[in-house]
Each structure stands twice: as C-alpha cells, then as structure tokens.
Amino acid sequence: MKRILHVVSSMDRAGQETLIMNLYRHIDRNKFQFDFLCTTNKIGDYDDEIKKLRGIIYYLPQSKITIPHLHNLGIISNYRNFFKKHPEYRIVHFHNYHAFSVLIQVLGAKLGGVKSIIVHSHNTSAPNSKVHKIVKPILKLFNIYRLACSKPAGKWMYGNSKFKVLNNGINTSSYLFNDNNRLKIRKELGIDSDTKLICHIGRFNYQKNHKYILDIFSELLCEDSNFQLILIGKGELELEIEQYAETLGIKDKILFAGIREDIPDILSGSDVFLFPSIFEGLGIVMIEAQANGIPIVCSSVIPEEAILCNNIKSLSLLDSLSSWVQAIRSQAYEKHDTNNQVMIYNAGYDILDSTSLLSHIYNNV
C-alpha cells in the first residue's frame with residue numbers, strides 16, 4: 001500500500017478539500033492511503049472523517065524567523081525537516097494556487113528527499129499576482145508532475161509547461177433533485193411554498209464576491225419581495241457581510257446557514273443557484289449544482305469546462321445590477337432539470353472517473 005501525503009492549509013469544507021475527500025472515499029484504500037500535512041494549526045471540518053478512514057493528520061511547524069523574506073527560509077527548513085523525519089512518503093501531493101508558495105514547498109520536499117512531487121493548481125488568481133508571475137517560470141526547472149482542476153488553472157500555474165487536468169469529480173447520483181427532500185428542507189428552514197429561495201455556497205472571502213451578492217439581492221427585493229437568500233459557508237469576511245446586510249436593511253431576508261452537510265437537499269430546496277465569483281479555478285459547487293439541475297446564474301469568469309448543462313445564465317461582473325436581477329427572476333420560475341446527470345457523466349465529472357485517473361497517476365508517477 002502506498003501512503004500519499006496531501007499538503008493543504010487545513011481540511012475545511014471548501015472546494016479543493018471537498019474534491020480530496022471525494023477522491024479519498026472512492027479510491028482503493030487497500031492500494032492507497034491518504035495522509036495530510038496542514039500548514040495551519042487548526043481543526044478542519046473533515047478531520048474526524050479522515051481519522052475514521054485511518055488517515056494521519058500532521059501540522060507543519062510555523063517558521064520562527066520573523067525577518068521578512070528570511071521567514072520563507074524557515075518554512076523551507078520546516079518542510080525539509082518534516083520529510084527527512086518521514087521518508088515513508090515517496091509521493092507528496094501539494095495543493096496550491098500561488099507559484100511562490102509552490103516553489104517553497106518543492107524546495108523543501110526536494111531537500112527532504114521526496115522522490116515524486118505532484119503539484120495541483122486549484123485557481124486562476126491569487127494575492128500578490130506580480131510575485132506569482134515572476135516566480136512561475138522558475139517552476140519549469142523542477143521535475144514535478146503537474147495537475148490542474150481546469151485548463152485556465154493549469155495555464156495560471158504552469159504557463160506553457162505540460163499539465164494534466166483532473167476533473168473535480170462528484171458522486172453524481174447523490175446530488176439528483178428530490179422533491180421530498182425539497183419539501184423537507186424548506187419546512188426546516190421556514191421557507192413558504194410561494195417564496196423563491198436563492199442559494200449561494202462558498203467561503204466568505206474576496207473571491208466569492210458576497211458583497212456583490214447582497215447588492216444584487218437588495219436590488220431584487222426592490223422589484224419583488226417574494227425572495228429569500230441562503231448563504232452556505234464560513235470565512236474571514238462573514239461578520240463584515242452580516243454587517244453589510246444590516247446596513248442595506250435586508251438581513252431579515254437572509255439565512256446565514258454556516259457549514260452544512262446536506263448540500264444536495266439545500267440545492268433541491270432552492271430555486272436559483274447564484275455564483276458571481278470574481279475568479280474561479282473551476283468551482284466544484286457549479287458541478288454539484290448542475291447535477292442537481294437547479295437553474296443557475298453565474299459570472300462569466302467560470303471556466304468553460306464547468307459549464308456543462310443548458311439551464312445556466314452567465315453574466316459579466318461589469319453588467320448592471322438590473323441585468324443580474326432579471327436573470328435571477330427569469331431563472332427562479334424555471335424547474336430543476338432532472339436530465340443533467342447524463343451530461344455530468346459524459347463530461348467526465350463523475351467521481352469514479354476522477355478516481356480512476358488519479359489512481360493511474362499514483363501508480364506511474
């Protein structure tokens with residue numbers, strides 16, 4: 001059995017972490033066991049399940065060097081020391097979206113004696129993008145296996161270097177629309193049968209564009225008060241967004257639902273999925289929403305690979321608020337499309353396809 005070490009910030013319930021867990025649940029654990037090295041010392045949403053699956057969770061020590069720039073040497077040293085101490089990890093799978101951070105990780109792994117390094121790009125933008133662009137060519141010097149969640153995410157991280165796209169697969173059948181679950185979840189949430197429910201799923205951070213969601217929703221309520229909004233997730237901007245909702249006078253129409261494990265039921269119980277991200281590597285929740293068949297309104301930055309079905313309206317973030325409002329009002333009166341499952345399968349986004357490809361990579365890297 002090969003033990004694969006996945007390097008992440010923490011195993012919270014977010015896009016790339018959800019993909020990792022989907023793969024972990026379906027991969028042959030007689031052949032591959034996933035362990036995790038977290039770069040932040042915090043408990044993750046998936047930690048209990050990881051331990052039940054016999055995975056080990058490690059935490060990378062924080063650099064004790066506080067001098068700018070030299071601080072990164074401490075991080076490289078910590079990676080090196082970890083891998084020297086754990087030579088059993090011959091395959092290390094780094095999940096990242098910034099070239100400079102990847103460079104630090106690869107240097108630490110190389111110095112620590114890691115034989116096979118996989119770098120997995122999960123986004124199409126990052127803070128300090130100028131530094132990212134300067135460092136990106138340096139990655140060409142290293143013998144690493146390059147993965148990405150989409151073609152744009154691969155171009156962002158690797159430029160013209162060859163890479164492989166690993167689709168963010170889901171357990172397609174578990175997301176199918178269910179009318180009984182729709183009735184159940186709406187009763188639980190206190191949503192009237194005549195009310196139209198808008199759903200957004202995503203971490204409360206800059207990328208997911210929550211302030212714009214509230215601007216759209218506020219404009220929508222001026223035209224039609226028969227809507228409510230449910231926000232699924234948590235994050236560093238959550239309090240700020242709650243305060244903004246109060247400022248707009250719309251907080252009583254919003255459900256801040258936190259982390260939920262019943263996402264398929266939430267999607268079945270909602271009428272529109274709203275996803276106006278500022279940038280996205282792929283957006284695994286887009287695949288989940290399409291498997292459910294819920295009508296979608298999203299920003300035009302979503303990669304083409306993630307647009308699989310027909311009941312989607314895509315708008316530019318430069319379009320007027322009224323354009324977004326009209327798209328939502330139009331979609332809200334459409335039914336869930338229960339025929340999307342075949343499109344998800346045919347596009348290769350079922351988790352069994354993704355697991356098969358990753359198993360092949362682990363066997364041959």
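The values are calculated or read from the model by the stated rules, or taken from the named source; none is laboratory data. Keep in mind the model is a prediction, meaning the values are calculated, not measured. Please note: Cβ atoms are built from the backbone with ideal geometry, for glycine as well, and neighbour counts cover all protein chains shown. For the accessible areas, the whole protein counts, side chains as well, though only heavy atoms, and no ligand, DNA or RNA atoms are used. Shrake-Rupley method; radii C 1.70, N 1.55, O 1.52, S 1.80 Å.
Pull out a ≥ b ≥ c, the square roots of the eigenvalues of the alpha-carbon gyration tensor of the chain, then state rounded if a/c is under 1.5, prolate if not and a/b is larger than b/c, and oblate in the remaining case. Numbers along the way, then the final one.
Details: a/c = 1.93, a/b = 1.64, b/c = 1.17.
Here the chain falls in the prolate category.
Quick one: go through the range 11-30 and flag any residue whose amide nitrogen is under 15 Å from the point 7 Å out along the Cα-to-Cβ line of residue 2. Inside the label zone: 24, 27-30. Element breakdown for the chain at a 1.4 angstrom probe: carbon and sulfur atoms account for 50% of the accessible area. So which residue, out of 74, 169, 154, gets the largest mean-square fluctuation from a GNM of the chain using Cα contacts under 10 Å as springs? The residue with the greatest mean-square fluctuation here is 74.
For the chain, the longest principal axis of the C-alpha atoms and the axis of helix 210-223 are separated by about 10°.
From the alpha carbon centroid of the range 268-310 to that of the range 1-73 is 27 Å.
The modelled label-to-label distance for the pair residue 323/residue 29, using points 7 Å beyond Cα in the direction of Cβ, is 4.8 nm. Each of residue 42 and residue 334 was given a label point 7 Å from its Cα along the Cα-to-Cβ line. The distance between the two points is 3.6 nm.
Between the beta carbons of residue 359 and residue 247, assuming R0 = 45 Å, the FRET efficiency works out to 0.35 to the nearest 0.05. Relative to the dominant Cα principal axis of the chain, helix 70-85 is inclined by about 70°.
Based on the reciprocal of the average 1/r between different C-alpha atoms, the Kirkwood radius for the range 249-316 equals 12.9 Å. Which net charge results when you count Lys and Arg as +1 and Asp and Glu as -1 among the other residues whose beta-carbon is under 15 Å from that of residue 46? Here the count lands on +1.
Here the range 201-220 is scanned for amide nitrogen atoms under 20 Å from the site 7 Å beyond the Cα of residue 316 along Cα-to-Cβ, giving 209, 212-213, 216.
Taking Cα atoms only, the orientation of helix 99-111 departs from the longest principal axis of the chain by about 30 degrees.
Once the 1.4 Å probe is applied to the protein heavy atoms, the chain comes out at 45 Å² accessible per residue.
The amide H of residue 164, built 1.01 Å from its N in the peptide plane, has 146, 147, 148 as neighbours under 5 Å, considering only residues 5 or more places off or on other chains.
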